[in-house]
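*Asks:* Here it is: the structure, laid out below.
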Amino acid sequence: MTIAFEHGIELPQPPHQVFALLADYSKVPLWLKRCEGVAKASSGPNKVGDKLRYAYCESGRHGLMDGVITAYEQDRHMAYRYFDKMMAVVVEFHMEPSGEGTRLTHLIDITPHSFMAKLMSPVFKMKLPKQTIQTTENIRDLLAKEAVSL
């Protein structure tokens with residue numbers, strides 16, 4: 001059983017600017033509030049297959065998830081798969097030109113694995129839309145702040 005939610009917004013910034021923000025792992029905690037950090041295991045440009053480590057705090061519980069970049073198309077699409085004993089989470093961002101700006105679509109897909117995660121599935125399903133919408137709005141706000149500081 002998977003739990004999925006997709007949300008799209010229009011942004012005034014061009015796709016390359018949106019992509020650059022999302023590809024900068026040092027900035028993830030600025031737009032994903034439960035994120036404490038994302039680290040890439042290797043150096044150099046991001047590419048499919050790169051291993052990641054995601055540190056988070058959810059409801060006062062700190063945790064780590066291993067991850068991998070599963071898609072990375074410059075200025076168009078990026079996707080990640082994170083996993084631990086409890087669940088697997090697919091995170092995707094699609095960027096399409098829209099006038100002078102960008103149509104950003106954010107997709108989250110959660111697959112519970114452990115007994116506890118399966119029991120918590122109704123809570124995940126209830127929280128996921130609000131969290132996904134808030135995340136895209138945080139991205140919008142951060143892009144606007146970066147535009148002002150330029």
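*Asks:* So if I place +1 on the C-beta of Lys and Arg and -1 on the C-beta of Asp and Glu, and nothing else carries charge, what would the dipole magnitude of the chain be about its Cα centre? I want it in debye, nearest 20.
*Replies:* 580 debye
*Asks:* Quick one: plug the Kirkwood hydrodynamic radius of segment 4-73 (C-alpha pairs) into Stokes-Einstein at 25 °C, 0.890 mPa s, and report D in µm²/s.
*Replies:* 180 µm²/s
*Asks:* Simple spin-label model, 7 Å along Cα-to-Cβ: Ser114 to His77 in nm?
*Replies:* Once both label points are built, they end up 3.2 nm from each other.
*Asks:* Based on the Kirkwood radius over alpha-carbon pairs, what value in µm²/s does the Stokes-Einstein equation return for the translational diffusion coefficient of the chain at 20 °C and 1.002 mPa s?
*Replies:* 135 µm²/s
*Asks:* With no solvent and one point on each alpha carbon, what is the Debye value of log10 I(q)/I(0) for segment 89-131 at q = 0.34 Å⁻¹?
*Replies:* -1.13
*Asks:* Taking 0.36 nm per residue of separation and subtracting the Cα-Cα distance, what length does fully extending Glu137 through Asn46 add?
*Replies:* 30.3 nm
*Asks:* Kindly write out, for segment 100-110 in residue order, the coupling ³J(HN,Hα) from the Karplus curve 6.51 cos²θ - 1.76 cosθ + 1.60 (θ = phi - 60°), rounded to whole Hz, with x marking Gly and Pro.
*Replies:* Going residue by residue, I get 8, x, 9, 9, 9, 10, 10, 10, 10, 9, 10 Hz, with x marking Gly and Pro.
*Asks:* With θ set to phi - 60°, apply the Karplus curve 6.51 cos²θ - 1.76 cosθ + 1.60 along segment 49-62 and write out the HN-Hα couplings as whole Hz, x wherever there is a Gly or Pro.
*Replies:* In residue order, the calculated couplings are x, 4, 8, 10, 9, 10, 9, 9, 9, 10, 6, x, 9, 8 Hz.
*Asks:* Whole angstrom only: what separates the Cα centroid of segment 83-145 from the Cα centroid of segment 1-74?
*Replies:* If we compute the Cα centre of each part, the gap is 10 Å.
*Asks:* Per residue, how large is the accessible surface of the chain? Use a 1.4 angstrom probe and give square angstrom.
*Replies:* Numbers: 8250 Å² over 150 residues.
Here the residues of the chain average 55 Å² of exposed surface.
*Asks:* If you roll a 1.4 Å probe over segment 19-91 with all protein chains in place, what percent of the accessible area is carbon or sulfur?
*Replies:* Taking all protein chains in place, segment 19-91 shows 58 percent carbon and sulfur surface.
*Asks:* Stretched out fully, how many nm does the piece from Glu96 to Lys33 gain, at 0.36 nm a residue minus the Cα gap?
*Replies:* 20.2 nm
The values are calculated or read from the model by the stated rules, or taken from the named source; none is laboratory data. Not measured: the values here are computed from a predicted model. Positions of Cβ are backbone-derived with ideal geometry, glycine not excepted, and every protein chain shown enters the neighbour counts. Please note that ligands, DNA and RNA were not included when accessible areas were found on the heavy atoms of the full protein model with its side chains. Shrake-Rupley method; radii C 1.70, N 1.55, O 1.52, S 1.80 Å.
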